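Participant: If you scroll down you'll find the structure; I have some questions about it.
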């Protein structure tokens, strides 16, 4: 009888424990501009590299500090292009599945956090999202949309990523809805119907999960993060909010160290 009572108590408390864990699974630091998520439980795998050097950016369209760093990331991408350094963008998965209770506490946390990003980066934010009665802050669909475009039109992936950020953070639209992406496809002259069919496919869902896993294989579980790779050596040159001039200086210094 005592064991049965303990089981009943545990069953009763389990939802409460799980809900509390949801509140702490993402931690964002206003000083460093870094959002951290728990490690995946999956076993890490080795990565085979195709080039000698590479800049790897790991982020999430619905990570506010990733929106804050966006102008500097664009400048870094342009610099890499002029130096013939491959630039790779990986989706890290900030809140895949979401599940945080959409209550005043969570809304106030987000508002405060977005204001911090705005104050430091000067990136614009809209706050109409907080007028919605319900919203699931699930970042997997937005990541999946970027992964889809990386496969459909890789040369447009960076612009697509930034437009997803803009439509969410400034226009307060919902990236979980496939119609969210229609105007973005129009701007980038992409076939929306082809995109929509791929976006909802199991193939893209698996590809997105694989990117989340790859980012963890690189040892990254906080966003935004930027790696400069030379051969097998990985140099974490940006962790949290970073500006282009600082990132460029580190890359130049690493290249001179050869």
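What follows is calculated from the coordinates using simple rules that are stated; it is not laboratory data. What you are looking at is a predicted structure, and each value in this text was computed from that prediction instead of being measured. Ideal geometry is used to build each Cβ from the backbone, glycine not excepted, and the neighbour counts take in all protein chains shown.
Participant: Stick to the Cα atoms of the stretch 101-143, pair each with every other, and give me the Kirkwood hydrodynamic radius in Å at one decimal.
Facilitator: Numbers: mean 1/r = 0.0868 Å⁻¹.
After inverting the pairwise mean of 1/r, the radius is 11.5 Å.
Participant: Please list 163-170, 89-96, 212-219, 192-199 highest first by mean number of surrounding beta-carbon atoms within 10 Å per residue.
Facilitator: Working: 163-170: 20.8, 89-96: 24.6, 212-219: 18.6, 192-199: 16.2.
Going from most to least packed, we get 89-96, 163-170, 212-219, 192-199.
Participant: Hey, another quick one. List the relative contact order of the stretch 188-248 as a percent without decimals, with contacts defined as Cα pairs under 8 Å and 6+ residues apart. Display every interim value, and only then the final one.
Facilitator: Values: 32 pairs, mean separation 11.2, N = 61.
Computed value for the stretch 188-248: 18 percent relative contact order.
Participant: Continuing with the same structure: Dividing the convex hull volume of the Cα atoms of the stretch 60-252 by its residue count, what figure in Å³ per residue is obtained? Present the calculation step by step, with values, prior to reporting the outcome.
Facilitator: On the way: hull volume 23.4 nm³, N = 193.
So the per-residue Cα hull volume is 121 Å³.
Participant: Tell me, what is the percent relative contact order of the stretch 133-212, built from C-alpha pairs under 8 Å that lie six or more residues apart? Working shown, then result.
Facilitator: Details: 54 pairs, mean separation 28.8, N = 80.
Once divided by the residue count of the stretch 133-212, the mean separation gives 36 percent.
Participant: Which whole-number percent is the relative contact order of the stretch 77-194 (Cα, under 8 Å, 6+ apart)?
Facilitator: Numbers: 92 pairs, mean separation 29.4, N = 118.
Relative contact order here is 25 percent.
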